[in-house]
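Colleague: The following block contains the structure, expressed as structure tokens.
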Amino acid sequence: MLILAIETSCDETAAALVEDGRVLSSAIFTQIDIHRLYGGVVPEIASRNHIIKISEIVDRALKEAGKSLKDVDKIAVTKGPGLVGALLVGLNYAKSLAYGLSIPLVGVNHLRAHMLSPLITNSDLKPPFLSLLVSGGHTYIAHCRDYNDIEILGRTRDDAAGEAFDKVARTLGLPYPGGPMIDEVSKKGDGAKVHFPRAFLEEGSYDFSFSGLKSSVLQYINTETQRGREIQIADVAASFQESIIDVLVTKALDACERLSLDKLVVSGGVAANSRLRERLEEAAGGRVRLYYPELKYCGDNAAMIGFAAFYTENEEDYLSLNADPALELV
Ligand code: KG4
Ligand code: ZN
């Protein structure tokens, strides 16, 4: 089964060839340099750039895999969640290809794909496991009993983890995307310098709330500036990072313990964070085994879309398939 997968939910135009669950190629054009000028993703500009790049990226994925369109058995495409205009570019391209080639089309949930992305390079990993999904738009703790049997235990009530990184970075004058910048800058800072709040919410809750933390950082900067003190960016970044990671690590490991799960699968853009990985490692001890995607599969990519299609999704009628910008994990 050779799947051609297409992903255009945000600011990466991506295509991949996945054969029987094995990734043959993964081509990505990232628009980060374009959106950095505006301090974040501009939806209209994202859609236009997907249109400009999609054919070239699909061709590159085919070429790198040594395949041609006539070898493809099925097309998989991200149907949501994401920016509606951006999603529609990939979706319509995929529909046209499937119709023209008379092959099936499958619409893939982007969040499910992130969740399963660690399986691409950890072939021994099988459900059940606990999933900590931390991306730019979503934050979930979920119990994955099987590929299609997922229970959400908690989610963010306001900002997603990646969004909090990006917003705090912007407050600190760091360029978009802020997550990797905070990760880097924090290595030179003292994470115990400023005590920012940890929002653990109600006893036993696996939900998250990061907007108060974001406001605290802003308030701290304003107060320090008013007092004429220079902001130590590395210390503030590291202190913010400790706060957010404390909550993520505590809740994820609590859930593992409560459900007697010995596998924790961390995915999404924030799974690339070096301090998060370090802290999880410390906290997990020998009790819980940690799984991550390879760094190249942490952020948005089409390999995870093809992979998820192989494991989970059903074929759909390509003429009725539509984008769902607010699609949930389950
Ligand atoms: O999963 P992703 O590529 O896109 C969404 O589906 O949202 O995640 C992007 C998010 C951005 O907010 C970015 O700042 C964050 O992941 N991110 C990081 C790191 N690398 C990317 N956050 C913290 N540390 C990192 N090293
Ligand atoms: Zn994503």
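We did not get these values from a lab; they are worked out from the coordinates using the rules stated. If you're wondering where the values come from, they're calculated on a predicted model, not measured in any experiment. Because the Cβ atoms are built from the backbone with ideal geometry, glycine has one as well, and the counts that use them run over all protein chains shown.
Colleague: Being among the β-branched types (Val, Ile, Thr) and closer than 21 Å to residue 277 by Cα is the filter here; which residues of region 97-153 pass it? Give the steps one after another, and end with the answer.
Modeller: Filtering region 97-153 for residues among the β-branched types (Val, Ile, Thr) gives 103, 106, 108, 120-121, 134, 139, 141, 150, 152.
Matches in region 97-153: 120, 121, 134, 139, 141.
Colleague: Which pairs turn up if I take residues in region 314-330 that are in contact (Cβ under 8 Å) with a residue 24 or more places away in the chain and look for partners that are of a type in the set (D, E, K, R) with beta carbon separation below 7 Å, at least 6 apart in sequence or on another chain?
Modeller: Within 7 Å, the pairs are 318/95; 321/79; 321/95; 323/79; 324/79; 327/79; 329/112.
Colleague: Taking the stated definitions as given, is residue 278 free of Cβ contacts under 8 Å to residues at least 12 places away in the same chain and under 24 Å from residue 242 (Cα atoms)? Break it down stepwise before answering.
Modeller: Values: free of Cβ contacts under 8 Å to residues at least 12 places away in the same chain: yes; under 24 Å from residue 242 (Cα atoms): yes.
Answer is yes for this residue.
Colleague: Among the residues of region 80-102, count how many are within 16 Å of ligand 2 (Cβ to nearest atom) and surrounded by fewer than 21 Cβ atoms within 10 Å (Cβ to Cβ).
Modeller: The number of residues fulfilling the criteria is 1.
Colleague: A follow-up question, please. In region 111-162, which residue that is among the aromatic types (Phe, Trp, Tyr) and surrounded by 19 or more Cβ atoms within 10 Å (Cβ to Cβ) is farthest from ligand 2 (Cβ to nearest atom)? Can you show your working first?
Modeller: Step one: of region 111-162, the residues among the aromatic types (Phe, Trp, Tyr) are 129, 140, 147.
Narrowing further to those that are surrounded by 19 or more Cβ atoms within 10 Å (Cβ to Cβ): 129, 140.
Details: 129: 19, 140: 12 Å.
It comes out as 129.
Colleague: Would you check which residues across region 68-101 are touching a residue at least 24 places away in the same chain (Cβ under 8 Å), assigned to a helix (DSSP H, G or I) and within 26 Å of the chain's Cα centre (by Cα) and list them? It would help to see each step written out before you state the result.
Modeller: At the first step, the residues of region 68-101 found to be touching a residue at least 24 places away in the same chain (Cβ under 8 Å) are 69-91, 93-95, 97-99, 101.
With the extra rule that they be assigned to a helix (DSSP H, G or I), the set shrinks to 69-71, 84-91, 93-95, 97-99, 101.
Selection gives 84, 85, 86, 87, 88, 89, 90, 91, 93, 94, 95.
Colleague: Yes or no: residue 165 within 16 Å of ligand 2 (Cβ to nearest atom), on the phi < 0 side of the Ramachandran plot and aromatic (Phe, Trp, Tyr)? If you could, list the steps in order and put the result at the bottom.
Modeller: Details: within 16 Å of ligand 2 (Cβ to nearest atom): yes; on the phi < 0 side of the Ramachandran plot: yes; aromatic (Phe, Trp, Tyr): yes.
Yes, satisfied.
Colleague: Answer yes if at least one residue in region 39-48 is hydrophobic (A, V, I, L, M, F, W, C), crowded, with 18+ Cβ neighbours inside 10 Å and assigned to a helix (DSSP H, G or I), and no otherwise. Steps first, please.
Modeller: Within region 39-48, the first condition is being hydrophobic (A, V, I, L, M, F, W, C), and the residues that meet it are 41-42, 45-46.
Subset that is crowded, with 18+ Cβ neighbours inside 10 Å: 41, 46.
Next, from what is left, pick out any that are assigned to a helix (DSSP H, G or I): 46.
Yes, the conditions are met somewhere in region 39-48.
Colleague: Cβ-Cβ distance below 6 Å, separation of 6 or more or different chains: which pairs start in region 243-267 with a residue that is more than 13 Å from residue 285 (Cα to Cα) and end on one that is surrounded by fewer than 16 Cβ atoms within 10 Å (Cβ to Cβ)?
Modeller: Note: pairs meeting the criteria are 243/198; 246/198; 247/198.
Colleague: Separate question: Look through region 175-198, keep the residues that are in a loop (DSSP other than H, G, I, E, B) and under 22 Å from the mean Cα position of the chain (by Cα), and return whichever of them is nearest to ligand 2 (Cβ to nearest atom). Step through it out loud before you land on a result.
Modeller: Residues of region 175-198 in a loop (DSSP other than H, G, I, E, B): 175-177, 187-198.
Still in the running and under 22 Å from the mean Cα position of the chain (by Cα): 175-177.
Values: 175: 20, 176: 15, 177: 12 Å.
Here the answer is 177.
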